[in-house]
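Accompanying notes for the structure given below.
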Amino acid sequence: MNKPAIDVALVAWPNHPRRMAYFRRTLAALRKNLSASRHALRWVCSSESQHDPARTWHGEELEAICREHGIGLHWRIGKAALGANMNAALRLGAAPLIFLVQDDYELLEPLDLSPGADLLLRHGEVDLVRYSYFLDPHSGTRFKGSLEGWRRVDIDGTWPYGDDPHLRRRDFMDRWGWYLEEGRHGASESQMLLRLVHGRATIVAADRCYFGHVGEVASVIDEYRPRAVPR
């Protein structure tokens, strides 16, 4: 019997040597630690094609890596935008479940996606399963109650949603729409957060944060916020 599938949808930005290093690090950690005991993982990647005239371009390197690992690669044409690139990644596969991962989130320990996948397929009211969230005693993601052992995210608390790695059904977009594709970098995350809070989305989270963020260099060439390492 064929196992039901999960699309692992990666989002890439090969416009800087550090961004390419992040992709390699992210992929290596996923290949080492990510599994789905009762599902088949199908790997796809959406990459931006906008070059940075001040930096080296690593598109051919990305193509070689994806070819080596059997990852279906799609190039998005136009000005780089986080929301647009995530939308493109979400459209690539056909599996009923999607695990969305940006190229600078490192999976720190073994993670089996099948328990979360089973939960989403059993409970149509659950919109997202988060495997990464902001940890801070004052402004981190809050929790309130549980569902089958999964922590319920407090939709009225701080940071109930983030663009960090999470699992969703493909019908998520039918209910909640797609990411904002225009505006400042990061606006897509804020707009989706407000939409989910206003609509009283049901979001659950894993027992702990499985990912660490490693992206010090901005993905877009016109980032307006100060970063630890400038482009």
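Please state which one of Ala187, Ala205, Ala228, Ala201 is surrounded by 13 or more Cβ atoms within 10 Å (Cβ to Cβ), of a type in the set (Gly, Ala, Ser) and at pLDDT below 95. Show your work before the answer.
Numbers: Ala205 fails: at pLDDT below 95; Ala228 fails: surrounded by 13 or more Cβ atoms within 10 Å (Cβ to Cβ); Ala201 fails: at pLDDT below 95.
Only one candidate qualifies: Ala187.
Being open to solvent by 70 Å² or more (accessible area, probe 1.4 Å) and modelled with pLDDT of 95 or more is the requirement here; does Pro110 meet it?
On the way: open to solvent by 70 Å² or more (accessible area, probe 1.4 Å): yes; modelled with pLDDT of 95 or more: yes.
In short, yes.
Somewhere in segment 91-104, is a residue part of a loop (DSSP other than H, G, I, E, B), open to solvent by 30 Å² or more (accessible area, probe 1.4 Å), out of contact with any Cys (no Cβ under 6 Å at 6 or more places or on another chain) and touching a residue at least 60 places away in the same chain (Cβ under 8 Å)?
Yes - at least one qualifying residue is present in segment 91-104.
Please count how many residues of segment 125-157 are open to solvent by less than 50 Å² (accessible area, probe 1.4 Å) and of a type in the set (Gly, Ala, Ser).
Of the residues in that region, 4 qualify.
Condition first: among the hydrophobic types (A, V, I, L, M, F, W, C) and open to solvent by 50 Å² or more (accessible area, probe 1.4 Å). Now tell me which residues in segment 113-124 satisfy that.
Leu121 - this is the single residue of segment 113-124 that is among the hydrophobic types (A, V, I, L, M, F, W, C) and open to solvent by 50 Å² or more (accessible area, probe 1.4 Å).
The values are calculated or read from the model by the stated rules, or taken from the named source; none is laboratory data. The shown structure was predicted, so the numbers you read here are calculated from the model rather than taken from an experiment. Reconstructed Cβ throughout: ideal geometry from the backbone, glycine too, with neighbour counts over all protein chains shown. Accessible surface is based on the protein model in full, side chains and every heavy atom, while ligands, DNA and RNA are left aside. Shrake-Rupley method; radii C 1.70, N 1.55, O 1.52, S 1.80 Å.
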